[in-house]
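Presented below is the structure to which this report refers.
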Amino acid sequence: MRLRRKRMRLGVLAALLSFSMIAASLLLAWWLFSDQLWDTARRLQGERVENLATTLAAGGEVQRALAGAPAFSDDSSLQRHMEGLRKRLGVDFIVVMTPQALRLTHPDPGRIGQHFRGDDEHRALAGERYVSTARGTLGASIRGFAPVRGPGGEVIGAVSVGVTQSRLAPLRASSRQQLLVWLGLILLLGGGGAAWLARTIKRRLLDMEPDDIARLVAERRAMLDAMHEGVIAMDGERRVSLVNPAAHRLLADAGAAPIEPGQQLEPPWEESLEGESGVDVRLRLGGVSFLGSHRPMHRDRRQVGMVMTFRDSGELQGLAEELTGVRRYAEALRASTHEFKNKLHVIQGLAQLGDLAALRHYLHELVEHRHAASASVVERVREPVLAGFLLGKQSEARECRITLTLAAEGTIPAAADSATVHALVSIIGNVLENAFEALAGRASPTVALSMVLEDDTLSLAIQDNGAGMEEATRQRIFEQGFSTRGEQRGLGLSLVRDQIESAAGEVAIYSSPGEGTLVELTFPYPTGGG
């Protein structure tokens, strides 16, 4: 069995990488600075010994000693004078030499009279001042040379002042040590910064490892691609950061303007919902209205964006219309069944009494009344579902002791598609239900429904003699959730408005307090023959 290799955690990896980079940079800086400090120290010492040599070469005692007969003695006044200066100046040697490069002074008296060592004195004896590095009797040293000139300007000798590199070694070690201390302090601060960086990265990544992030991204991509709902995400500046394939498809199918990542959107929801969640609200995307939800994204208690999901409102509306129509059919059927059961009880009672004359009379009236009540609707409305629904509503009205009159100008043929019928059942049912509720407590409750079909447009007028409405109430009657009859209401007329607007129809409400309400609407009604 192959063991899975355990990967290093992101925080540890980030800390080690940052610390390694800092350490490598500091080591390189230490090497460069150390080398630069050594070059600087050598350059400064070279300038110093060169200046000392120049000063001594211009001194009268040196010039007099070289102008006369050279005195190669370890106890000459020049030797004593130079040794005193050497000790006070902190240099390793001061050598005065003749034009033949023979020493007149030296820290080691036994070297006086011998030839100068290092083979770098020729330029000074030729009249040039300079700095040189060479190995002499005292070891490798930095030497400053200056020529000594006679009264006529001729070169009569030279002076060399030197400092051995061994004398500079402690200075170099001290500088390196001091530099190493500072770099070590910087390394400690860098290590702390690396640890802080690792913790910050982990916090920004919600304590997830790279593998977790990669898996989460793959899962999210697969989930978004599989969703049938459109998903659009925006950042805090309302720039689109994500659009899933379903959103592209829904926008294209609805004829809406395309929405792409990077595009800045105006809030597609109501201004009052800014910064809040909204469920099953109207979202206007690409110039088209959709039904969807939106939810803000927060990080550290600060809003950083918004996610919207939306669906094809037409499809949902069709389902809602169909479900509403089924519910309306059920209500109408329940009322008809209840009314029919009452009539059966009367028939059963007369049969038990054996009063056949009364039974025949009752059945005759029942048939005549039923035929009179339904004949007009059945003859005028040829759409069976709509006709059956209206007959059912008549039964419901009679059960509620409401007079519902139905009138149709001309013939209403069958509709070309069932979606139109479902929508009409939902619209008429909602309006009639509101009319029935408005008649509560009225002495002679009456509702009149009239229909007329012209050029594939069905016009309906529903009039009741209920309590009516104030103007302020009428202005808000179509708002979702608004109702004067308590909570959990206010959806029926909102659905009516959406259905009519989506079909390019029109609706108007006229009402006055105490004078009832009139609802006029037009709805496209393509017929089967069209």
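Okay, residues lined up against (1) in a loop (DSSP other than H, G, I, E, B); (2) in contact with a Leu (Cβ under 8 Å, 6 or more places away or on another chain); (3) at pLDDT 80 or above:
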{"site": "ARG172", "(1), (2), (3)": "no, yes, no"}
{"site": "LEU188", "(1), (2), (3)": "no, no, no"}
{"site": "ILE201", "(1), (2), (3)": "no, yes, no"}
{"site": "ALA247", "(1), (2), (3)": "no, no, yes"}
{"site": "GLY275", "(1), (2), (3)": "yes, no, no"}
Could you tell me whether GLY349 is modelled with pLDDT of 75 or more, over 24 Å from GLU520 (Cβ atoms) and in a helix (DSSP H, G or I)? no
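Listed here are the residues, each with its yes/no results for (1) surrounded by 17 or more Cβ atoms within 10 Å (Cβ to Cβ); (2) of a type outside the set (Phe, Trp, Tyr); (3) closer than 23 Å to LEU424 by Cα.
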site: LEU449; (1), (2), (3): yes, yes, yes
site: THR457; (1), (2), (3): no, yes, yes
site: ALA461; (1), (2), (3): no, yes, yes
site: ALA472; (1), (2), (3): no, yes, no
site: ARG476; (1), (2), (3): no, yes, yes
site: GLU479; (1), (2), (3): no, yes, yes
The residue from ALA71, ALA67, ALA23 that alone is among the small types (Gly, Ala, Ser), in contact with a strand residue (DSSP E or B) (Cβ under 9 Å, 6 or more places away or on another chain) and over 24 Å from THR164 (Cα atoms) is ALA67
How do the pairs read when you match residues in the range 23-52 that are in the same structural domain as SER132 (by TED's automatic domain parsing) and assigned to a helix (DSSP H, G or I) with residues anywhere that are among the charged types (D, E, K, R) and at pLDDT 75 or above, using Cβ under 7 Å and keeping only pairs 6 or more apart or on different chains? VAL49/ARG143; GLU50/ARG129
Go through (1) under 16 Å from SER511 (Cα atoms); (2) surrounded by fewer than 18 Cβ atoms within 10 Å (Cβ to Cβ) for ALA416 and report which single condition fails. (1)
Checked LEU453, LEU458 against criteria (over 26 Å from SER494 (Cβ atoms) and touching a Phe, Trp or Tyr at 6+ places or on another chain (Cβ under 7 Å)); the one match is LEU453
Quick one: SER426 ticks every box in (1) farther than 18 Å from VAL496 by Cα; (2) out of contact with any strand residue (DSSP E or B) (no Cβ under 7 Å at 6 or more places or on another chain) bar one, so which box is it? (1)
Among the residues of the range 294-309, are any closer than 19 Å to HIS228 by Cβ, touching a Leu at 6+ places or on another chain (Cβ under 8 Å) and modelled with pLDDT of 80 or more? yes
Do we have GLU379 as assigned to a helix (DSSP H, G or I) and under 24 Å from ASP498 (Cα atoms) here? no
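The values are calculated or read from the model by the stated rules, or taken from the named source; none is laboratory data. Note that the structure is predicted; figures quoted are calculated from it, not measured. Cβ sites come from the backbone with ideal geometry, for glycine too, and all protein chains shown count toward neighbours.
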